[in-house]
Amino acid sequence: MDKKNILTAPFVREMQKTTANMYRLGWDERNGGNISYLLDEGEVAEYLDLACVIRTIPTGFDATALIGKIFIVTGTGKYFKNVEDDPENNLGIIRIAEDGTTAELLWGYSDGGRFTSELPAHLMSHISRLSVDPANRVVMHCHPTNLLAMTYVHTLDTKEFTHTLWQMSTECVVVFPDGVEVLPWMLCGTNEIGEATAACMKEARSVVWALHGLYGAGKSLDEAFGLVETVEKAATIYMLTAHLPRVNTITDEQLKILADFFHVTPKAGILKL
Ligand code: 13P
Ligand code: ZN
């Protein structure tokens, strides 16, 4: 059967739209940010011959839990700004090979490029999220301006950071009742930061990299994007108000009322009731 044109595939179109939106929101300057999206093998097979491997690329870490899984992933050094017009160069579709440590390139990275340098954090986070929520498909990293600014002026304690964000907008505790996990500054692009991020991803879908950016995970690009958007909105309110006298605040009692009404369970140990 003839294959369909991959440039018409919904998952490629979605990646183009999402990266363009993230760029326009100022979350992804230059090559900042990266996305990995777990695809359905049957859907990919409508567009690509899955027996045709363009080249193999070692990953440098063990992803045995993801053997055979196919992801569309942004390229390292590539600009989100450019994905819309040139997806084949800026994106790639990879499959984790039988050895668990090699990526088989099925499409993309057309100038000889490779997947994001943050692949360890992405794939290790996928493994963590899938163990908690088998429907998780997306891991997204970016550099949202106000969240990044907040990590310079707020304590980096996970509980305190989460509590502050929840107070910054009424919908926060509903959108991310699991809170945010905060990692101290670490060297990016390494297996170590990948392991630390993946450990946090067992607890929450949002992980702050202090003085660097944010990771968000979700069932779809929309869901992960909406999560990042909501965290960044809260951080924006914080940065607009932190230097001003606080006259009003959302109390812990009100956060509990919200959680009860919307049937979510706020991360334990944060509300003092
Ligand atoms: P890549 O260009 O390798 O995706 O890296 C961008 C980035 O945000 C590093 O944290
Ligand atoms: Zn980054």
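Please determine whether any residue of the range 105-114 is within 16 Å of ligand 1 (Cβ to nearest atom) and touching a residue at least 60 places away in the same chain (Cβ under 8 Å).
Looking through the range 105-114, none of the residues is within 16 Å of ligand 1 (Cβ to nearest atom) and touching a residue at least 60 places away in the same chain (Cβ under 8 Å).
Could you look through the range 40-96, keep only residues that are of a type in the set (Ser, Thr, Tyr) and within 27 Å of residue 190 (Cβ to Cβ), and pick out the one that is farthest from ligand 1 (Cβ to nearest atom)? Even if it seems obvious, please write down each step before you answer.
Quick first cut of the range 40-96, residues of a type in the set (Ser, Thr, Tyr) only: 47, 56, 59, 64, 74, 76, 79.
Add one more test, that the residue is within 27 Å of residue 190 (Cβ to Cβ), and what stays is 56, 59, 64, 74, 76, 79.
Working: 56: 19, 59: 13, 64: 23, 74: 6, 76: 3, 79: 9 Å.
This residue is 64.
Picking from 196, 234, which residue would you name as being more than 16 Å from ligand 2 (Cβ to nearest atom) and assigned to a helix (DSSP H, G or I)?
On the way: 196 fails: more than 16 Å from ligand 2 (Cβ to nearest atom).
Every option except 234 fails the conditions.
Filter the range 206-231 down to the residues that are open to solvent by 10 Å² or more (accessible area, probe 1.4 Å) and assigned to a loop (DSSP other than H, G, I, E, B) and list them by number. Please lay out each step first, then the result.
Quick first cut of the range 206-231, residues open to solvent by 10 Å² or more (accessible area, probe 1.4 Å) only: 211-212, 219-220, 222-223, 225-226, 229-230.
Matches in the range 206-231: 211, 212, 219, 220.
Criterion first (crowded, with 20+ Cβ neighbours inside 10 Å, within 17 Å of residue 73 (Cα to Cα) and either of a type in the set (D, E, K, R) or away from ligand 2 (no atom under 16 Å from the Cβ) (or both)) does residue 59 satisfy it? If you could, list the steps in order and put the result at the bottom.
Details: crowded, with 20+ Cβ neighbours inside 10 Å: yes; within 17 Å of residue 73 (Cα to Cα): yes; either of a type in the set (D, E, K, R) or away from ligand 2 (no atom under 16 Å from the Cβ) (or both): yes.
For residue 59, the condition - crowded, with 20+ Cβ neighbours inside 10 Å, within 17 Å of residue 73 (Cα to Cα) and either of a type in the set (D, E, K, R) or away from ligand 2 (no atom under 16 Å from the Cβ) (or both) - is met.
May I ask you to list the residues in the range 160-193 that are within 16 Å of residue 233 (Cα to Cα), part of a helix (DSSP H, G or I) and of a type in the set (Val, Ile, Thr)? Steps first, answer last, please.
First, the residues of the range 160-193 that are within 16 Å of residue 233 (Cα to Cα): 161-177, 179-180.
Now restrict to residues that are part of a helix (DSSP H, G or I): 161-167, 172-175.
Matches in the range 160-193: 162, 164, 173, 174, 175.
Checking the conditions here, which among 29, 14 is touching a residue at least 24 places away in the same chain (Cβ under 8 Å), within 22 Å of residue 147 (Cβ to Cβ) and open to solvent by 30 Å² or more (accessible area, probe 1.4 Å)? Give the steps one after another, and end with the answer.
Details: 14 fails: within 22 Å of residue 147 (Cβ to Cβ).
After applying the criteria, what remains is 29.
State all residues of the range 232-264 that are surrounded by fewer than 17 Cβ atoms within 10 Å (Cβ to Cβ), under 14 Å from residue 163 (Cα atoms) and hydroxyl-bearing (Ser, Thr, Tyr); if no residue qualifies, say none.
249, 251
The values are calculated or read from the model by the stated rules, or taken from the named source; none is laboratory data. These figures come from a predicted structure and were not determined experimentally. Virtual Cβ from ideal backbone geometry, glycine too; neighbours counted across all protein chains shown. What goes into the accessible areas is simple: the full protein's heavy atoms, side chains included, and nothing from ligands, DNA or RNA. Shrake-Rupley method; radii C 1.70, N 1.55, O 1.52, S 1.80 Å.
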